[in-house]
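Student: Here it is, the structure in full.
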Ligand code: 2AM
């Protein structure tokens, strides 16, 4: 029931185009790597059943080839406020446009990933699905929209798609080739998102100086014995625990017994209610689907009114910055039984952090920067679940459940001589430390240029000594800093880019790859505008030409973003 509740489906398909082919193309669009992970997993299963599978990122697929396909599955996530991930942009544009061909010969299905705490839940998947249908393609199986806890609904969707594919290709099931396929390939770790590794914390220090407004923890984790490896650009997923004070408050509010046994997963041992709320469920975010399910458990009319309103705006405003405890108190829902409530909560999602070290330079270790999130909202102190767990409650010697999340969208250039420009204010610095460690380790010759910024030079220059040493040794070619609160006027990284406009453009012209990491809503957006301005000015281009130049950079994978 849990997984079923998390998914929404659209009406069933019309008759399929009859094709006795075992060819199938799997395209993914991913920002943090989840869609890619699923695409690879499903492709492997298709191969094991003797399908002829082509799997690729949408950014590596020529949209014109669409006409040649007979079977297509799309696995795509939605980013931010309903935005398509960067690696889908070209394909998305093409499909939306007038040049998109009729696709009456095509059978397809879409798996959409998203987060129901956002208004435009699974928007990108919906758009692909609707557009393909409009172009005349037929559905192998209805689209499924997955929330953060996507494993089960994704597997159900895949089973439906696979069933159809086998039916239409004559039902011949190929022999599994797992054993053979694995011959000669290096052993891969048995640890994954669904089976995290307990990594010992070797180091946990606040990088910011006394008096800073910021608190960024440098964490070193041991990977010894895990078999886990990674590349610069990858992330680490951490499963945190909720704040025990909040958990106890919630239990007290309901008057529940903390030892009440709770079943987390069918066929697995039960655990205590308190442990369930600490480790297994999300209690700090309220989503519309959650409120709908809560409303079904009570006779409270007020909450139903909030949900029934024509537009969502009042509901969105209410949800913003509130948690489960607020909802229970505001709507007097104390009579809900513990097992009923836990059965509708989302599973605790892992938090992703861009890796800040190089595996080549430090095998058996991984370093992260975790920015501590603390704020006040609706008269209560709030804290970021993972960041405060790590900052306040995790000491060296203790462990954290982690996994490696691959991110092929944020890689160093294959050629070590290719110049790179890195823009990473605040915690956005993380992957660039990994880039520098890697380039130093392999003796890469390419130029590199870092733009870093934060509030104050004295307290917030993250890894100052390391950057200065890399600059001295020539691993880093150029360093530009923007400390926003040291002078009378705010200075941001994009101001430094602008001051270096000519040189910036020259680097791009000689093939540099541009990387942006950090805050999406403000920083990455403003940096993008500045990039357009620089190209316009230094390239002598019209705004349209500049936009085309930048979108070509993106298509050539020379403008890459890891933004959040
Ligand atoms: P501020 O907090 O002084 O406004 C890392 O958090 C750094 O990014 C800080 O110096 C912060 O400045 C800055 N920052 C905030 N908004 C930004 C924006 N729109 N563009 C670039 N940097 C920004």
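Student: Is it the case, given these coordinates, that residue 412 is more than 14 Å from the ligand (Cβ to nearest atom) and part of a loop (DSSP other than H, G, I, E, B)?
Tutor: So residue 412 passes the test.
Student: Hey, another quick one. For segment 534-564, enumerate the residues that are in contact (Cβ under 8 Å) with a residue 12 or more places away in the chain and surrounded by fewer than 16 Cβ atoms within 10 Å (Cβ to Cβ).
Tutor: Hits for segment 534-564 are 537, 539, 547, 551, 555.
Student: State which residue is farthest from residue 344 (Cα to Cα) when the search covers only segment 252-286 and only residues that are in contact (Cβ under 8 Å) with a residue 40 or more places away in the chain and part of a helix (DSSP H, G or I).
Tutor: 253
Student: Quick check on my filter: what residues within segment 416-454 are assigned to a helix (DSSP H, G or I) and within 16 Å of the ligand (Cβ to nearest atom)?
Tutor: Within segment 416-454, 426, 427, 428, 429, 430, 431, 432, 433 qualify.
Student: Regarding segment 387-403, can at least one residue be identified that is touching a strand residue (DSSP E or B) at 6+ places or on another chain (Cβ under 9 Å), under 30 Å from residue 555 (Cα atoms) and away from the ligand (no atom under 16 Å from the Cβ)?
Tutor: yes
Student: Is it the case that residue 89 is modelled with pLDDT under 95 and within 27 Å of the chain's Cα centre (by Cα)?
Tutor: Against the criterion (modelled with pLDDT under 95 and within 27 Å of the chain's Cα centre (by Cα)), residue 89 qualifies.
The values are calculated or read from the model by the stated rules, or taken from the named source; none is laboratory data. Computed from a predicted structure; not experimentally measured. We place every Cβ from the backbone using ideal geometry, glycine too, and count neighbours over all the protein chains shown.
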